[in-house]
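One structure is given here, and the rest of the page talks about it.
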Ligand SMILES: [Zn+2]
């Protein structure tokens with residue numbers, strides 16, 4: 001077996017481990033990051049408070065209008081009952097009714113405004129509520145899938161670690177060190193195949209003598225351009 005074949009096999013396992021690890025990180029972050037849910041819940045709570053305040057305001061405004069109307073009715077009733085005969089008193093009652101009716105217009109305007117606000121806040125609350133339900137059900141399904149994938153990957157990872165140990169066994173310590181260094185420098189690809197007389201990673205032509213060297217059982221040959229370990233069949 002050439003020295004580079006062992007490293008090439010090891011790298012195949014290491015690449016799978018890298019991919020599984022990266023995916024596991026992404027899954028972990030996605031499950032932990034519930035910013036969408038938090039924002040939907042905040043929107044729900046905020047619009048709920050506003051709506052309750054507005055509904056309360058509308059009810060108060062209505063009660064004020066009702067009580068003023070009753071007061072006007074009572075005042076008019078005594079005005080027209082015939083019970084009050086004194087012209088001065090009658091005049092006072094008439095003045096009272098006029099002033100109460102003026103005030104009623106103001107209160108009715110306030111009531112209208114309060115009702116409009118209550119309608120708006122109620123619509124906003126409804127919207128936020130259905131959005132929250134939507135986000136909850138979607139994230140629930142997504143997270144369930146992610147948890148399953150996470151379990152599957154964790155299992156895969158265990159068997160990959162065993163594969164790695166097996167791949168590691170025939171490799172000499174100094175070759176392994178060279179491989180590990182290069183993996184760090186070359187974004188995970190330390191060993192590259194020679195295909196069509198060229199480095200599969202950078203495309204540089206690899207001459208026959210270098211290819212022969214790459215088949216050596218003891219030594220490693222390196223691509224003259226990208227510096228990776230060459231592996232030739
Ligand atoms: Zn190269």
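The values are calculated or read from the model by the stated rules, or taken from the named source; none is laboratory data. Just so it is clear, the model here is predicted, and its values are computed rather than measured. Cβ placement follows ideal geometry from the backbone for every residue including glycine, while neighbour counts extend to all protein chains displayed.
Residue count for the stretch 176-191 satisfying the condition of being touching a helix residue (DSSP H, G or I) at 6+ places or on another chain (Cβ under 9 Å) and either within 11 Å of the ligand (Cβ to nearest atom) or closer than 12 Å to residue 231 by Cβ (or both): 4. Of everything in the stretch 192-207 that is more than 16 Å from residue 11 (Cα to Cα) and touching a helix residue (DSSP H, G or I) at 6+ places or on another chain (Cβ under 8 Å), the residue that is farthest from the ligand (Cβ to nearest atom) is 197.
Check the stretch 103-120 and report whether any residue there is surrounded by 12 or more Cβ atoms within 10 Å (Cβ to Cβ), modelled with pLDDT of 95 or more and over 23 Å from residue 53 (Cβ atoms). Within the stretch 103-120 (the criterion being surrounded by 12 or more Cβ atoms within 10 Å (Cβ to Cβ), modelled with pLDDT of 95 or more and over 23 Å from residue 53 (Cβ atoms)), the answer is yes, since at least one residue qualifies. The residues listed here are 173, 167; of these, the one that is surrounded by 15 or more Cβ atoms within 10 Å (Cβ to Cβ) and more than 16 Å from the ligand (Cβ to nearest atom) is 167.
One line per residue, one yes/no per condition, for (1) under 24 Å from residue 230 (Cα atoms); (2) in contact with a helix residue (DSSP H, G or I) (Cβ under 6 Å, 6 or more places away or on another chain):
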| residue | (1), (2) |
| --- | --- |
| 127 | no, no |
| 137 | no, no |
| 142 | no, no |
| 157 | no, yes |
| 165 | yes, no |
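Taken over the stretch 22-45, the criterion of being exposed (fewer than 13 other Cβ atoms within 10 Å of the Cβ), touching a residue at least 12 places away in the same chain (Cβ under 8 Å) and farther than 16 Å from residue 147 by Cβ is satisfied by 36 alone.
The requirement of being under 30 Å from residue 222 (Cβ atoms), more than 16 Å from the ligand (Cβ to nearest atom) and free of Cβ contacts under 8 Å to residues at least 40 places away in the same chain is not satisfied by residue 151. Test residue 6 against the stated conditions and say whether it is closer than 30 Å to residue 129 by Cβ and in contact (Cβ under 8 Å) with a residue 24 or more places away in the chain. In short, no. Number of residues in the stretch 177-214 that are in contact (Cβ under 8 Å) with a residue 60 or more places away in the chain and closer than 28 Å to residue 21 by Cβ equals 7.
No other residue among 136, 94 is surrounded by 11 or more Cβ atoms within 10 Å (Cβ to Cβ) and touching a residue at least 40 places away in the same chain (Cβ under 8 Å) apart from 136. Taking the stretch 208-230 as the range and being within 12 Å of the ligand (Cβ to nearest atom), in a loop (DSSP other than H, G, I, E, B) and in contact with a helix residue (DSSP H, G or I) (Cβ under 6 Å, 6 or more places away or on another chain) as the test, only 221 passes.
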